[in-house]
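Data block below; observations after.
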């Protein structure tokens, strides 16, 4: 997996507005396989961590943390509170 430089992610993005934040929230939610862990990652990314009791995940922990860091970088760029982002833009039923 390629390691991203978060400074470049913040400065060299072609996205703007909050619609891409919603898209990144969905990506992070699905990477965590939904549930409470996915909701925490999508709505409170600055406080997110993966507990050692978490079972098997569809993606590696490093990939999930990197995606969450990208969400944090974009949310900061938009001036949003990374401890309390808007709710995930869907109910969650039917994802899996």
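Only residues that are assigned to a loop (DSSP other than H, G, I, E, B), touching a residue at least 24 places away in the same chain (Cβ under 8 Å) and over 12 Å from the mean Cα position of the chain (by Cα): list them for region 63-82, please.
Step one: of region 63-82, the residues assigned to a loop (DSSP other than H, G, I, E, B) are 78-82.
Those left that are additionally touching a residue at least 24 places away in the same chain (Cβ under 8 Å): 78, 80, 82.
Once the filter is applied, which keeps residues that are assigned to a loop (DSSP other than H, G, I, E, B), touching a residue at least 24 places away in the same chain (Cβ under 8 Å) and over 12 Å from the mean Cα position of the chain (by Cα), region 63-82 yields 78, 80.
Restricting to region 1-57, count the residues that are surrounded by fewer than 15 Cβ atoms within 10 Å (Cβ to Cβ), assigned to a helix (DSSP H, G or I), at pLDDT below 75 and touching a helix residue (DSSP H, G or I) at 6+ places or on another chain (Cβ under 9 Å).
Selection size over region 1-57: 4.
Which residues, taken from region 41-62, are under 24 Å from residue 81 (Cα atoms) and free of Cβ contacts under 8 Å to residues at least 60 places away in the same chain?
Filtering region 41-62 down to residues under 24 Å from residue 81 (Cα atoms) leaves 41-51, 61-62.
Hits for region 41-62 are 41, 42, 43, 44, 45, 46, 47, 48, 49, 50, 51, 61.
The values are calculated or read from the model by the stated rules, or taken from the named source; none is laboratory data. Keep in mind that what you see is a predicted model, and the values were worked out from it rather than measured. With ideal geometry, Cβ positions are generated from the backbone for all residues, glycine too; neighbour counts draw on all protein chains shown.
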